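**Q** I am attaching a structure below and will ask some questions about it afterwards.
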Amino acid sequence: MLQISNLKKHFGGIKAVNNVSFEIQENKITALIGPNGSGKTTVFNLISGILKADSGRIIFNKEEITNKKVNEISNLGVSRLFQQARLFNNLTVKENLLLAINNEDTKFWKNLINYKFTDEDYKKINKIAEVVGIESFMNKQAGDLSFGQKRLVEIARAIINPHKLLILDEPVAGVNPKLRKEILLLLKKLKEKGEAILLIEHDMNFTLNIADNVIVMDEGKVIAEGNPKQIKNNKNVLEAYLGE
Amino acid sequence: MIEAYFIHLLILIGIYIILAISLQLAMGFTGLINLGHIAFLGIGAYTSALLALAGWPFWIAFLLAGLIAAFFGFLLSIPTHKLKGDYLALATMGFSFVVYAILLNWTELTRGPLGIPGIPKPSLLGFSFSSNLSFLILTAVITLISYLIIKRLVTSPFGKVLESIRDDELASKTIGKNTFKSKAIALVVSAFFVGIAGSLYAHYITFIDPSSFTIIQLIPVLLIVIVGGLASLEGTIIATVVLVSIPEMLRFVGFPSSVIGPARQILYALILLLILIFKPKGFYGKVKL
Amino acid sequence: MSIITQLLINGLIAGAIYALVASGFSLIYSVNKFVHFAHGATIAFSAYALYFLFSITGLNFWLSAILAVTFGALIGLGMNLIVYKELRKRKASSVILLIASFALLILLESLVLLYFGADVKTIGYINVAKGIEIFGAIITPLQIMIILVSLVLLVLLFLFMKKTKIGKAMRAVSDNKNVAEILGINSEKIYNWTFIIGSAIAGIAGVLIALEQNLEPTMGTGLIIKGFTAAIIGGIGSVPGAILGAFLLGFAENFGIWYLPSGYKDAIAFVLLFLFLLFRPNGILGIKKGGDK
């Protein structure tokens, strides 16, 4: 459903993403791994339109999304989780989630005349809040949450945002082991429901446990691709990590 | 005598409330540090004054004051949509100076530093608002309508979109919001209300000149917004009443008017500094810039 | 020919004054990372201090000038210690610092207005000397002095930043405050120094401007706008950039009013400011520093 071909992005002399090509399939969890600075997050920023590619193409559901705007790409069905906390800190958890439901809320006249969220909207966010396990603090300010709680709210917001593909940048980084397990189960549950997920993760155990397909990057290039078993035994991958 | 003075004060408070809640919409709710806010007041005041003097009915001049200011708000939103923080503040300040320079120098239209005297008092359907009491009622009605519209907007889901842009614009884009459009709407609506406040001001004072629309005039409005608390409309209204009234005490204490002008600015600037240091969220706000 | 030379010379004089304003402003911005509008008030305070000491009290001119510059440096330091330091302690954002500096500018200008009144003041130390003719253009000895003093000061500032310990520490804090602190540099102390030095330059600018032009309470606002426009043209946070921008602005204004009505002289700066913020926010030198997230 997502095809990336010959993608390039340079920052000055640094080749952050250097001729990267790969493909993602539906109903699968694909993991993008690699040492620090290997260009994973840059690939994510290119997919979600935050950065403009120097060359190459990104095709999503047969539509070219290379260099489209961030909100356009989101509305075509790519939902993103950032590595750092990016909640709307002065809004409540509930408001954070409601914002992601649809874009009726950006229609000025409709809002001015009379527009309110429907019971269905509330049901939708409550259901996902339950799945993710955040229903106990729905009315708290997002800025007052703990790190782990913020992470969960962000995951919930990314799931609520209408999408066909979830791209998650280090969903469990800095999260305690108990929560890590919960997120692992949650992602598996989502996959069973038919979600396509692309994720970046440093934790090898976590990654190999969950991914159907693994893509390894080093110094801006894809150096290996395969199922977790193949990756575990790949010489290039070991070198890239040990040579770090 | 006291009564007449009281009415005058209330009219000023009404005009300041519109100015301050519209700045709240842009700055408190959407996070747009617009130091060009006063420029819209000038645009509205001159539009309305010139049209009224050219014989147009008050209500058309009044609405066009809002619409033309809104149009300039739209123009300002296009080039500035990528700017944030310091840079946005400087660019909007530059806009304010450009507008001031035009008001001062386009003498064929604005009479430059001489200003425009003899602006007629408003009249509507044959009724003239020439007494201050009737003008107060007009101001109160317009202030109330402005408040209700802005209140409606910020409490609607659209208001949350604006707040999401203030808190994290990129995150707002990643959940699919067209933040360029939403910011433009916030600035346009904000400018519209400042424009009509400018019209009220022009027809109340009946004389305008460019010096009423310099960046210095922004200090009280900025102060009101910060004292009231960002993103708090009720706080803003309380702050307006208190802060517009306080310096009027100076008049009663018997300071000469040459002292009251600078003393008022000193007082405002001092309160602003103290609030920024000791109560950065203002009295009723929850949001920190 | 003579008109062109005259415009060049006028541009040079304006540029020299703007360079003094912009270099101090830019120095403070580069290290402290916020827009210090009240820098304009420092200039006005020094100019009025000279007027008070020399024209009213009747002190010796050179002593008055030195005291006025010292006064400027102390005002700058005072603003940092009383207002900005407190705000930094409370983790205020650069936008809050900007609003605070704006409030300080209005506060100090209003104090001048209250004490000295709104009417224009003149120092009258140097009687309007006969201009010297160069290629058909006129320049007064005072104007030559302004250009020379500003050039000498800018060279001294450059040497200070390159050679002295404090100058080097300033550049370190400007580059990366956290790394500088790990290296044992006390950033608060360095902030104080930037305010002392930046404001002393503003003080000198105030003295020179007081001799060349009339004094008005709002003179600082006009000057700081020119100063930060110059800084943005050259690349905000870069002192050499600010100086380059200052001279470009001086020329642009003086050649601009050859085509436009002279009332639009100030508008030229604002239009340039606007254009640069929009299309080249890192300035002509293109130095990327903060702000452009």
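**Q** Compute the distance in nm between two label points, each set 7 Å from the Cα along the Cα-to-Cβ direction, one at B:A140 and one at C:T57.
**A** Each label point lies 7 Å from its Cα, and together they span 5.6 nm.
**Q** So, with +1 on the Cβ of K and R and -1 on the Cβ of D and E, and no other charges, what is the size of the charge dipole of the protein assembly as shown about its Cα centre, to the nearest 20 debye?
**A** In debye, rounded to 20, the protein assembly as shown gives about 1560.
**Q** While we're here: R0 = 56 Å: FRET efficiency of A:K15 with B:L109, Cβ-based, nearest 0.05?
**A** 0.50
**Q** Calculate how steeply helix A:147-160 sits against the longest principal axis of the alpha-carbon atoms of chain A, using the helix alpha-carbon long axis, and give the answer as 0 to 90 degrees to the nearest 10.
**A** 80
**Q** Mind ranking B:T179, A:T118 by accessible surface for me, highest first, 1.4 Å probe?
**A** A:T118, B:T179
**Q** Comparing B:I226, B:I208, B:I21, which has the greatest mean-square fluctuation in the GNM of chain B with Cα pairs linked when under 10 Å apart?
**A** Answer for the Gaussian network model of chain B: B:I208.
**Q** Shape call for the protein assembly as shown from the C-alpha gyration tensor, a ≥ b ≥ c root eigenvalues: rounded (a/c under 1.5), prolate (a/b greater than b/c) or oblate?
**A** On the way: a/c = 2.16, a/b = 1.40, b/c = 1.54.
Cα axes put the protein assembly as shown in the oblate bin.
**Q** Can I ask one more? Which net charge results for the neighbourhood of B:S257, defined as the other residues with beta-carbon distances under 15 angstrom from its beta-carbon, given Lys and Arg at +1 and Asp and Glu at -1?
**A** Within the 15 Å Cβ shell, the charges total +1.
**Q** Right, another one. Where does segment C:46-113 land on the Kirkwood hydrodynamic radius, alpha-carbon pairs, in angstrom?
**A** Working: mean 1/r = 0.0746 Å⁻¹.
Value: 13.4 Å, from the Cα pair sum.
**Q** Shifting gears a bit: Can you give me the angle between helix C:187-212 and the longest principal axis of chain C, using Cα atoms only, in degrees from 0 to 90, rounded to the nearest 10?
**A** Value to nearest ten degrees: 10.
**Q** What figure in square angstrom, to the nearest 10, would you give for the accessible area of B:M93 with a 1.4 Å probe?
**A** Solvent-accessible area, nearest 10 Å²: 10 Å².
**Q** In terms of solvent-accessible area of protein heavy atoms at a 1.4 angstrom probe, what is the ranking of B:T240, C:T122, highest value first?
**A** C:T122, B:T240
**Q** Using a/c under 1.5 as the rounded threshold, could you call segment A:1-124 rounded, prolate or oblate? The axes a ≥ b ≥ c are square roots of the C-alpha gyration tensor eigenvalues, and prolate needs a/b larger than b/c, oblate otherwise.
**A** Note, shape of segment A:1-124 comes out prolate.
**Q** If you don't mind, there's one more thing I want to ask. Scan segment A:117-158 for trypsin sites (Lys or Arg not before Pro) in coil per DSSP, keeping those whose Cβ has at most 15 other Cβ atoms within 10 Å, and list them by number.
**A** Counting only loop positions with at most 15 other Cβ atoms within 10 Å, the trypsin sites (Lys or Arg not before Pro) in segment A:117-158 are A:K140.
**Q** Also, quick follow-up: Rounded to the nearest 5, what % of the DSSP beta bridges within segment A:2-242 are antiparallel ones?
**A** Percentage antiparallel, nearest 5: 55.
**Q** Computed over the Cα atoms of segment C:2-279, what is the ratio Rg over Rh, Rh following Kirkwood? Please report the intermediate quantities before stating the final value.
**A** Working: Rg = 18.5 Å, Rh = 19.1 Å.
A ratio of 0.97.
**Q** Rounded to the nearest 0.05, what FRET efficiency do A:S55 and C:V179 give with R0 = 45 Å and r taken as the Cβ-Cβ distance? Could you check?
**A** The formula returns an efficiency of 0.80 here.
**Q** Further question on the same structure: Just how much of A:D212 is accessible, in Å², when a 1.4 Å probe is used and the result is rounded to the nearest 10?
**A** 50
**Q** Mean separation of Cα pairs under 8 Å and 6+ residues apart, divided by the residue count of segment B:2-214: what relative contact order is that in percent?
**A** 45
**Q** Now, a different point. Lys pairs in segment C:2-279, Cα-Cα under 22 Å, at least 8 apart or on separate chains: how many?
**A** Qualifying lysine pairs in segment C:2-279: 28.
**Q** Determine the shape class of segment B:53-168: with a ≥ b ≥ c the square roots of the Cα gyration tensor eigenvalues, call it rounded for a/c under 1.5, and otherwise prolate if a/b is greater than b/c, oblate otherwise. Write out the running numbers ahead of the final one.
**A** On the way: a/c = 2.82, a/b = 1.27, b/c = 2.22.
Cα axes put segment B:53-168 in the oblate bin.
**Q** For B:I246 and B:L133, what is the calculated FRET efficiency with R₀ set at 22 Å and r taken between the beta-carbons, to the nearest 0.05?
**A** Once rounded, the FRET efficiency stands at 0.35.
**Q** What do you reckon, how do B:K279, A:K193 stack up by accessible area (1.4 Å probe), largest on top?
**A** A:K193, B:K279
**Q** Averaged over all directions, how much area does the convex hull of the C-alpha atoms of segment B:2-214 cover when projected, in nm²?
**A** The orientation-averaged projected area of the Cα hull of segment B:2-214 comes to 12.1 nm².
**Q** At 7 Å along Cα-to-Cβ for each site, give me the label-to-label distance between B:F6 and A:V131 in nm.
**A** 6.2
**Q** What is the antiparallel percent of DSSP beta bridges lying wholly in the protein assembly as shown, to the nearest 5?
**A** Working: 28 of 45 bridges.
Antiparallel bridges make up about 60 percent of those DSSP assigns within the protein assembly as shown.
**Q** Could you tell me the relative contact order of segment A:2-242? Use alpha-carbon pairs under 8 Å, at least six residues apart, and round to a whole percent.
**A** Relative contact order for segment A:2-242 comes out at 30 percent.
**Q** Related question: For segment A:2-242, what is Rg from Cα atoms divided by 2.2 N^0.38 Å, rounded to two decimals? Don't jump to the answer; show the numbers that get you there.
**A** Details: Rg = 18.4 Å, N = 241, 2.2 N^0.38 = 17.7 Å.
Relative to the rule-of-thumb radius for its length, segment A:2-242 sits at 1.04.
**Q** So how exposed is C:K121, as accessible area in Å² (1.4 Å probe, rounded to 10)?
**A** Using a 1.4 Å probe on the heavy atoms, I get roughly 20 Å².
**Q** For segment C:1-145, how big is the tail of P(r) above 25 Å, as a whole percent of Cα pairs?
**A** Everything past 25 Å amounts to 43 percent.
**Q** Let me ask another. Using a 10 Å cut-off on Cβ to Cβ distances, tally the other chain neighbours for every residue of B:162-173 and report the average as a whole number.
**A** Taking the mean over all residues of the peptide, I get 6.
**Q** OK, next. Which of B:G195, B:G42, B:G115 moves most in a GNM of chain B, Cα contacts under 10 Å?
**A** Its mean-square fluctuation being the largest, the pick is B:G115.
**Q** How big is the C-alpha Rg of segment B:199-289 next to the rule-of-thumb value 2.2 N^0.38 Å, as a ratio?
**A** Dividing the Cα Rg of segment B:199-289 by 2.2 N^0.38 Å gives 1.18.
**Q** Which chymotrypsin sites (Phe, Trp or Tyr not before Pro) does segment B:161-258 hold that lie in a coil by DSSP with at most 13 other beta carbons within 10 Å? List each step's numbers first, then the result.
**A** Details: sites: B:F180, B:F192, B:F193, B:Y201, B:Y204, B:F207, B:F213, B:F252; in loops: B:F207.
Sites meeting the loop and neighbour criteria: B:F207.
**Q** Which stretch or stretches of segment A:208-225 have amide N atoms under 12 Å from the point lying 7 Å from A:L238's Cα along the Cα→Cβ direction?
**A** Correct set: none at all.
**Q** Springs between alpha-carbon atoms under 10 Å, Gaussian network over chain A: tell me which of A:N161, A:N213, A:N90 tops the mean-square fluctuations.
**A** Fluctuation is largest for A:N90.
**Q** Between the helical axis of B:58-80 and the dominant principal axis of chain B, each derived from Cα atoms, what acute angle in degrees is found, rounded to the nearest 10?
**A** 30
**Q** Next question. Using per-residue counts of other Cβ atoms within 10 Å, averaged over each peptide, order B:119-132, A:214-227, C:96-109, A:61-74 from highest down.
**A** C:96-109, A:214-227, A:61-74, B:119-132
The values are calculated or read from the model by the stated rules, or taken from the named source; none is laboratory data. Just so it is clear, the structure is predicted and the values come from calculations on it, not from any experiment. Neighbour counts are summed over all protein chains in view; Cβ atoms, including those assigned to glycine, are modelled from backbone coordinates with ideal geometry. Each accessible area value is taken on the protein alone, full model and side chains, heavy atoms only, with ligands, DNA and RNA left out. Shrake-Rupley method; radii C 1.70, N 1.55, O 1.52, S 1.80 Å.
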